[in-house]
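Worksheet: the structure to be examined is printed underneath.
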Amino acid sequence: MLDLGRLRALHAVSVHGSVAAAAVALGYTPSAVSQQITKLERETRTTLLERRGRGVALTEEARHLAATAQELLAIVERAETTLEERRGQPTGRLTIGAFATAARGLLPEVLAELSRRHPGLDARMTEVDPHLSIDLVARGMIDVAVAHDWDIAPLPAPEGVEQAVIGDDLCDLLVPEGHPLAAHASVRREELAGQRWICQPPGTVCHDWLVRTLRAAGCEPDLAHRAEEYHTQLALVAAGLGIALIPRLGRGTLPAGVVAVGLDPVPKRRLYALWRAGAARRPAITETVGVLRGRWAGG
(Lines give C-alpha, C1' and ligand atoms only; values in the text may rest on other atoms or scores of the structure.)
Protein backbone atom coordinates (compact mmCIF):
# COMPACT_ATOMS: atom_id res chain seq x y z
CA MET A 1 0.00 0.00 0.00
CA LEU A 2 1.52 3.32 -1.07
CA ASP A 3 1.65 6.01 1.61
CA LEU A 4 -0.53 9.02 0.72
CA GLY A 5 1.75 11.48 2.48
CA ARG A 6 4.71 10.33 0.40
CA LEU A 7 2.66 10.57 -2.78
CA ARG A 8 1.69 14.10 -1.75
CA ALA A 9 5.37 14.98 -1.41
CA LEU A 10 6.15 13.62 -4.89
CA HIS A 11 3.19 15.47 -6.36
CA ALA A 12 4.40 18.71 -4.75
CA VAL A 13 7.87 18.28 -6.25
CA SER A 14 6.24 17.65 -9.64
CA VAL A 15 4.13 20.81 -9.39
CA HIS A 16 6.73 23.17 -7.91
CA GLY A 17 9.80 21.86 -9.72
CA SER A 18 12.14 21.39 -6.77
CA VAL A 19 12.34 19.83 -3.33
CA ALA A 20 12.86 23.25 -1.72
CA ALA A 21 9.78 24.79 -3.36
CA ALA A 22 7.69 21.72 -2.53
CA ALA A 23 8.77 22.01 1.10
CA VAL A 24 7.61 25.63 1.25
CA ALA A 25 4.23 24.71 -0.25
CA LEU A 26 3.71 21.79 2.13
CA GLY A 27 5.01 23.58 5.22
CA TYR A 28 7.82 21.03 5.71
CA THR A 29 11.59 21.25 5.65
CA PRO A 30 13.42 20.22 2.44
CA SER A 31 14.98 17.39 4.42
CA ALA A 32 11.56 16.04 5.39
CA VAL A 33 10.38 16.12 1.76
CA SER A 34 13.55 14.34 0.62
CA GLN A 35 13.01 11.66 3.26
CA GLN A 36 9.44 11.11 2.06
CA ILE A 37 10.65 10.68 -1.53
CA THR A 38 13.41 8.29 -0.43
CA LYS A 39 10.90 6.13 1.45
CA LEU A 40 8.59 6.16 -1.58
CA GLU A 41 11.48 5.00 -3.76
CA ARG A 42 12.04 2.08 -1.40
CA GLU A 43 8.33 1.24 -1.40
CA THR A 44 8.10 1.29 -5.18
CA ARG A 45 11.63 -0.06 -5.85
CA THR A 46 11.89 2.76 -8.37
CA THR A 47 14.21 5.73 -8.85
CA LEU A 48 11.99 8.80 -8.72
CA LEU A 49 14.45 11.73 -8.65
CA GLU A 50 17.60 12.23 -10.70
CA ARG A 51 20.32 14.81 -10.11
CA ARG A 52 20.36 17.58 -12.73
CA GLY A 53 23.13 20.08 -12.08
CA ARG A 54 22.38 21.65 -8.71
CA GLY A 55 18.78 20.44 -8.68
CA VAL A 56 16.69 17.34 -9.30
CA ALA A 57 14.33 16.13 -12.03
CA LEU A 58 11.55 13.57 -11.94
CA THR A 59 12.14 10.34 -13.82
CA GLU A 60 9.58 9.11 -16.34
CA GLU A 61 8.24 6.67 -13.73
CA ALA A 62 7.95 9.49 -11.21
CA ARG A 63 5.92 11.65 -13.61
CA HIS A 64 3.43 8.83 -14.13
CA LEU A 65 3.23 8.21 -10.39
CA ALA A 66 2.77 11.94 -9.71
CA ALA A 67 -0.14 12.05 -12.16
CA THR A 68 -1.78 9.15 -10.34
CA ALA A 69 -1.09 10.86 -7.03
CA GLN A 70 -2.98 13.93 -8.24
CA GLU A 71 -6.03 11.75 -8.96
CA LEU A 72 -5.82 10.12 -5.52
CA LEU A 73 -5.47 13.47 -3.78
CA ALA A 74 -8.56 14.73 -5.64
CA ILE A 75 -10.51 11.72 -4.35
CA VAL A 76 -9.34 12.39 -0.80
CA GLU A 77 -10.33 16.05 -1.16
CA ARG A 78 -13.84 15.06 -2.22
CA ALA A 79 -14.14 12.77 0.79
CA GLU A 80 -12.94 15.50 3.14
CA THR A 81 -15.32 18.00 1.53
CA THR A 82 -18.27 15.65 2.06
CA LEU A 83 -17.40 15.13 5.74
CA GLU A 84 -16.94 18.85 6.37
CA GLU A 85 -20.16 19.63 4.54
CA ARG A 86 -22.07 17.15 6.71
CA ARG A 87 -20.64 18.76 9.87
CA GLY A 88 -21.69 22.17 8.54
CA GLN A 89 -18.66 23.89 10.09
CA PRO A 90 -15.34 24.97 8.55
CA THR A 91 -12.70 22.52 9.84
CA GLY A 92 -9.36 21.06 8.85
CA ARG A 93 -6.49 22.70 7.03
CA LEU A 94 -7.08 25.39 4.42
CA THR A 95 -4.22 26.82 2.36
CA ILE A 96 -4.52 30.30 0.87
CA GLY A 97 -2.15 31.65 -1.77
CA ALA A 98 -1.97 35.44 -2.10
CA PHE A 99 0.14 37.91 -4.06
CA ALA A 100 2.49 40.13 -2.07
CA THR A 101 0.39 43.23 -1.41
CA ALA A 102 -2.72 41.18 -0.60
CA ALA A 103 -0.62 39.05 1.75
CA ARG A 104 0.40 42.23 3.54
CA GLY A 105 -2.67 44.44 3.26
CA LEU A 106 -5.63 42.03 3.37
CA LEU A 107 -4.80 38.54 4.59
CA PRO A 108 -3.63 39.27 8.17
CA GLU A 109 -7.11 40.51 9.18
CA VAL A 110 -8.84 37.76 7.18
CA LEU A 111 -6.77 35.01 8.82
CA ALA A 112 -7.32 36.51 12.26
CA GLU A 113 -11.09 36.66 11.72
CA LEU A 114 -11.22 33.07 10.48
CA SER A 115 -9.26 31.96 13.54
CA ARG A 116 -11.62 33.79 15.92
CA ARG A 117 -14.80 32.52 14.30
CA HIS A 118 -13.73 28.95 13.56
CA PRO A 119 -11.23 27.44 16.03
CA GLY A 120 -11.42 24.10 14.20
CA LEU A 121 -10.14 25.63 10.96
CA ASP A 122 -6.38 25.69 10.40
CA ALA A 123 -6.04 28.43 7.75
CA ARG A 124 -2.52 28.97 6.41
CA MET A 125 -1.21 31.48 3.89
CA THR A 126 1.66 31.42 1.42
CA GLU A 127 2.78 34.33 -0.75
CA VAL A 128 2.73 33.47 -4.45
CA ASP A 129 2.58 35.20 -7.83
CA PRO A 130 -1.07 35.78 -8.82
CA HIS A 131 -0.84 33.86 -12.10
CA LEU A 132 1.09 30.97 -10.59
CA SER A 133 -1.50 30.69 -7.85
CA ILE A 134 -4.27 29.86 -10.32
CA ASP A 135 -2.37 26.82 -11.56
CA LEU A 136 -1.67 25.79 -7.96
CA VAL A 137 -5.41 25.87 -7.23
CA ALA A 138 -6.15 23.81 -10.34
CA ARG A 139 -3.52 21.24 -9.33
CA GLY A 140 -4.82 20.99 -5.79
CA MET A 141 -1.71 22.46 -4.10
CA ILE A 142 -3.61 25.35 -2.50
CA ASP A 143 -7.29 25.63 -1.65
CA VAL A 144 -7.98 29.32 -2.29
CA ALA A 145 -6.03 31.86 -4.32
CA VAL A 146 -6.26 35.63 -4.02
CA ALA A 147 -5.21 36.98 -7.41
CA HIS A 148 -5.67 40.12 -9.51
CA ASP A 149 -5.85 41.28 -13.08
CA TRP A 150 -5.81 44.53 -15.06
CA ASP A 151 -7.99 45.58 -17.96
CA ILE A 152 -5.29 44.61 -20.49
CA ALA A 153 -4.73 41.16 -18.98
CA PRO A 154 -7.94 39.41 -17.82
CA LEU A 155 -7.44 36.69 -15.25
CA PRO A 156 -7.43 33.23 -16.87
CA ALA A 157 -9.57 30.79 -14.90
CA PRO A 158 -9.10 27.25 -16.26
CA GLU A 159 -11.85 24.67 -16.40
CA GLY A 160 -12.65 23.32 -12.97
CA VAL A 161 -11.71 26.55 -11.16
CA GLU A 162 -14.40 28.95 -9.91
CA GLN A 163 -13.91 32.59 -8.98
CA ALA A 164 -15.59 35.48 -7.21
CA VAL A 165 -14.77 39.19 -7.32
CA ILE A 166 -13.39 40.57 -4.05
CA GLY A 167 -13.18 44.21 -5.11
CA ASP A 168 -11.23 46.85 -7.06
CA ASP A 169 -7.85 48.16 -5.93
CA LEU A 170 -7.33 51.76 -7.10
CA CYS A 171 -3.91 53.12 -8.09
CA ASP A 172 -2.29 56.51 -7.64
CA LEU A 173 0.48 58.28 -9.49
CA LEU A 174 3.25 58.88 -6.95
CA VAL A 175 5.72 61.68 -7.59
CA PRO A 176 8.52 63.34 -5.61
CA GLU A 177 7.64 66.41 -3.60
CA GLY A 178 8.50 69.43 -5.71
CA HIS A 179 7.95 67.57 -8.97
CA PRO A 180 6.00 69.66 -11.56
CA LEU A 181 3.11 67.14 -11.41
CA ALA A 182 2.87 67.33 -7.60
CA ALA A 183 0.78 70.49 -7.77
CA HIS A 184 -1.91 68.87 -9.94
CA ALA A 185 -5.08 67.39 -8.46
CA SER A 186 -5.06 64.91 -11.33
CA VAL A 187 -3.37 64.39 -14.67
CA ARG A 188 -4.28 62.59 -17.86
CA ARG A 189 -2.16 59.82 -19.29
CA GLU A 190 -1.28 61.97 -22.31
CA GLU A 191 0.51 64.40 -19.95
CA LEU A 192 3.05 61.79 -18.84
CA ALA A 193 5.35 61.99 -21.86
CA GLY A 194 9.04 62.43 -21.03
CA GLN A 195 8.79 61.17 -17.43
CA ARG A 196 11.30 58.80 -15.86
CA TRP A 197 9.48 55.79 -14.43
CA ILE A 198 10.03 53.40 -11.54
CA CYS A 199 8.21 50.13 -12.07
CA GLN A 200 8.25 46.38 -11.63
CA PRO A 201 10.50 44.15 -13.81
CA PRO A 202 9.43 42.99 -17.28
CA GLY A 203 7.13 39.97 -17.33
CA THR A 204 4.99 41.18 -14.44
CA VAL A 205 1.39 42.25 -15.01
CA CYS A 206 2.02 45.71 -13.53
CA HIS A 207 5.00 46.34 -15.82
CA ASP A 208 3.14 45.21 -18.93
CA TRP A 209 0.07 47.28 -18.01
CA LEU A 210 2.16 50.45 -17.57
CA VAL A 211 4.04 50.04 -20.86
CA ARG A 212 0.96 49.21 -22.94
CA THR A 213 -1.17 51.94 -21.36
CA LEU A 214 1.40 54.68 -21.91
CA ARG A 215 2.08 53.58 -25.47
CA ALA A 216 -1.67 53.64 -26.16
CA ALA A 217 -1.64 57.25 -24.92
CA GLY A 218 1.20 58.14 -27.29
CA CYS A 219 4.00 58.02 -24.70
CA GLU A 220 7.05 55.79 -24.98
CA PRO A 221 7.93 55.13 -21.29
CA ASP A 222 11.46 55.72 -19.99
CA LEU A 223 11.79 52.89 -17.45
CA ALA A 224 14.70 54.15 -15.41
CA HIS A 225 14.47 51.86 -12.35
CA ARG A 226 12.87 48.45 -11.86
CA ALA A 227 12.08 46.93 -8.48
CA GLU A 228 9.82 44.05 -7.48
CA GLU A 229 8.71 45.47 -4.12
CA TYR A 230 6.46 48.52 -4.02
CA HIS A 231 8.20 49.76 -0.88
CA THR A 232 11.46 49.88 -2.83
CA GLN A 233 9.72 51.85 -5.56
CA LEU A 234 8.42 54.28 -2.94
CA ALA A 235 11.95 54.80 -1.62
CA LEU A 236 13.18 55.57 -5.13
CA VAL A 237 10.36 58.07 -5.66
CA ALA A 238 11.15 59.72 -2.32
CA ALA A 239 14.76 60.10 -3.47
CA GLY A 240 13.55 62.05 -6.51
CA LEU A 241 14.61 59.39 -9.02
CA GLY A 242 11.34 59.08 -10.94
CA ILE A 243 7.60 58.61 -10.70
CA ALA A 244 5.61 55.42 -10.14
CA LEU A 245 2.10 54.04 -10.40
CA ILE A 246 1.33 52.00 -7.28
CA PRO A 247 -1.91 50.34 -6.06
CA ARG A 248 -3.25 51.35 -2.67
CA LEU A 249 -3.57 47.84 -1.21
CA GLY A 250 -0.75 47.12 1.19
CA ARG A 251 0.99 50.41 0.35
CA GLY A 252 0.72 51.93 3.79
CA THR A 253 1.45 55.54 4.68
CA LEU A 254 3.39 57.44 2.04
CA PRO A 255 6.94 58.33 3.11
CA ALA A 256 8.07 61.93 3.44
CA GLY A 257 8.83 63.48 0.11
CA VAL A 258 6.21 61.52 -1.86
CA VAL A 259 2.96 63.01 -3.17
CA ALA A 260 -0.03 61.06 -4.52
CA VAL A 261 -1.64 62.50 -7.66
CA GLY A 262 -4.82 61.21 -9.26
CA LEU A 263 -4.63 59.80 -12.77
CA ASP A 264 -7.61 60.30 -15.12
CA PRO A 265 -9.06 57.78 -15.77
CA VAL A 266 -8.18 56.07 -12.49
CA PRO A 267 -6.21 52.85 -13.05
CA LYS A 268 -7.40 49.88 -11.07
CA ARG A 269 -6.83 46.18 -10.72
CA ARG A 270 -9.57 43.72 -9.81
CA LEU A 271 -9.07 41.21 -7.00
CA TYR A 272 -10.51 37.70 -7.15
CA ALA A 273 -10.81 34.65 -4.96
CA LEU A 274 -10.42 31.35 -6.81
CA TRP A 275 -11.03 27.76 -5.73
CA ARG A 276 -11.58 24.33 -7.25
CA ALA A 277 -15.12 23.57 -8.35
CA GLY A 278 -14.90 20.18 -6.65
CA ALA A 279 -14.36 21.87 -3.29
CA ALA A 280 -17.02 24.55 -3.72
CA ARG A 281 -19.35 22.88 -1.19
CA ARG A 282 -16.70 22.90 1.52
CA PRO A 283 -17.79 25.27 4.32
CA ALA A 284 -14.18 26.43 4.80
CA ILE A 285 -14.10 27.67 1.19
CA THR A 286 -17.42 29.52 1.30
CA GLU A 287 -16.58 31.07 4.67
CA THR A 288 -13.11 32.21 3.55
CA VAL A 289 -14.46 33.78 0.36
CA GLY A 290 -17.15 35.51 2.40
CA VAL A 291 -14.63 36.91 4.89
CA LEU A 292 -12.36 38.11 2.06
CA ARG A 293 -15.23 40.00 0.42
CA GLY A 294 -16.53 41.31 3.73
CA ARG A 295 -13.14 42.61 4.84
CA TRP A 296 -12.63 44.35 1.51
CA ALA A 297 -16.07 45.94 1.59
CA GLY A 298 -15.48 47.05 5.17
CA GLY A 299 -12.23 48.65 4.09
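The values are calculated or read from the model by the stated rules, or taken from the named source; none is laboratory data. Values in this document were obtained by computation on a predicted structure and should not be read as measured data. Reconstructed Cβ throughout: ideal geometry from the backbone, glycine too, with neighbour counts over all protein chains shown. The accessibility values were calculated without ligands, DNA or RNA, using every heavy atom of the protein model including side chains. Shrake-Rupley method; radii C 1.70, N 1.55, O 1.52, S 1.80 Å.
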- request: Give the carbon-plus-sulfur fraction of the accessible surface of the chain in %, rounded to a whole number; probe 1.4 Å, heavy atoms of protein chains only.
  value: 50 percent
Choice from D151, D143, D168 showing the highest fluctuation, given a GNM over the chain with Cα pairs closer than 10 Å: D151
task: On a 0 to 90° scale, report how tilted helix 205-216 is relative to the longest principal axis of the chain, with both axes built from alpha carbons and the result rounded to the nearest 10.
output: 40 degrees
- request: Please report, to two decimal places, log10 I(q)/I(0) for region 234-297 at q = 0.13 Å⁻¹ as given by the Debye formula with identical point scatterers on the Cα atoms and no solvent.
  value: -0.58
query: Which far-off residues, 5 or more places away or on another chain, put their amide H under 5 Å from the one on G167, with H placed in the peptide plane?
result: L271
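Using a Förster radius of 30 Å, what is the FRET efficiency between A260 and Q163 based on their Cβ-Cβ separation? Nearest 0.05, please. Before the final figure, lay out each step's value.
Working: r = 30 Å, r/R0 = 1.01.
That pair, A260 with Q163, gives E of 0.50.
Counting only heavy atoms of the protein chains, get the accessible area per residue of region 140-210 (1.4 Å probe) and round it to a whole Å² value.
Values: 3020 Å² over 71 residues.
Spelled out: the 1.4 Å probe surface of region 140-210, per residue, equals 43 Å².
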message: With the crude spin-label approximation of a point 7 Å out along Cα→Cβ, what separation in nm comes out for E220 versus A57?
response: 4.1 nm
query: If you take the beta carbon distance between L170 and A277 as r and set R0 to 25 Å, what does 1/(1 + (r/R0)^6) give as a FRET efficiency, to the nearest 0.05?
result: 0.25
message: Residue by residue through region 19-31, what is 3J(HN,Hα) from phi via Karplus (6.51 cos²θ - 1.76 cosθ + 1.60, θ = phi - 60°)? Round to whole Hz and write x for glycine and proline.
response: 5, 5, 5, 5, 4, 4, 5, 8, x, 10, 8, x, 4
- prompt: Which angle from 0 to 90°, rounded to the nearest 10, does the C-alpha axis of helix 4-16 make with the longest principal axis of the chain?
  reply: 30 degrees
- prompt: With Cβ to Cβ distances under 13 Å as the rule, what net charge do the other residues near V261 carry (K, R +1; D, E -1)?
  reply: -2
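About the Cα centre of region 1-104, what is the dipole size in debye to 20, counting +1 per Lys and Arg Cβ and -1 per Asp and Glu Cβ, all else neutral? Spell out each step's value before the answer.
Details: 14 positive and 11 negative charges, 67 e Å.
Dipole of region 1-104, to the nearest 20 debye: 320 debye.
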In degrees, nearest ten, helix 283-298 long axis to first principal axis of the chain (Cα): 10 degrees
query: For Q35 and E127, what is the calculated FRET efficiency with R₀ set at 35 Å and r taken between the beta-carbons, to the nearest 0.05?
result: 0.85
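Over region 4-134, give the accessible area per residue in Å² for a 1.4 Å probe, as an integer.
On the way: 7100 Å² over 131 residues.
Result: 54 Å² per residue.
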message: Rounded to the nearest 20 debye, what is the charge dipole size of region 71-213 about its Cα centre when +1 sits on each Lys and Arg Cβ and -1 on each Asp and Glu Cβ?
response: 280 debye
- prompt: Within a Cβ distance under 15 Å of G294, other residues only, what is the Lys/Arg minus Asp/Glu net charge?
  reply: +1
statement: If the chain between A185 and E229 were fully extended at 0.36 nm per residue, the gain over the current Cα-Cα distance would be 13.2 nm
query: So what's the gap between the Cα centers of region 16-67 and region 85-138, to the nearest angstrom?
result: 26 Å
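Can you tell me what percent of all Cα-Cα pairs in the chain are more than 29 Å apart?
46 percent
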query: What is the magnitude of the charge dipole of the chain about its Cα centre, with +1 placed on the Cβ of each Lys and Arg, -1 on the Cβ of each Asp and Glu, and no other charges, expressed in debye to the nearest 20?
result: 580 debye
- prompt: Which residue, chosen from L121, L106, G140, occupies the Cα position most advanced towards the positive end of the dipole of region 63-144, where the dipole is computed from +1 (Lys, Arg) and -1 (Asp, Glu) charges on Cβ about the Cα centre?
  reply: L121
- prompt: Rounded to the nearest 500, what is the chain's calculated 222 nm mean residue ellipticity when only DSSP H runs of at least 4 contribute -39500 (n - 2.57) each, over all residues?
  reply: -13500 deg cm²/dmol
- prompt: Once the other residues with Cβ under 12 Å from the Cβ of R124 are scored (Lys, Arg +1; Asp, Glu -1), what is the net sum?
  reply: -2
- request: State the answer as a single residue: which of H16, L245, P156 lies farthest towards the positive end of the charge dipole of the chain, with beta carbon charges of +1 for Lys and Arg and -1 for Asp and Glu, about the Cα centre.
  value: H16
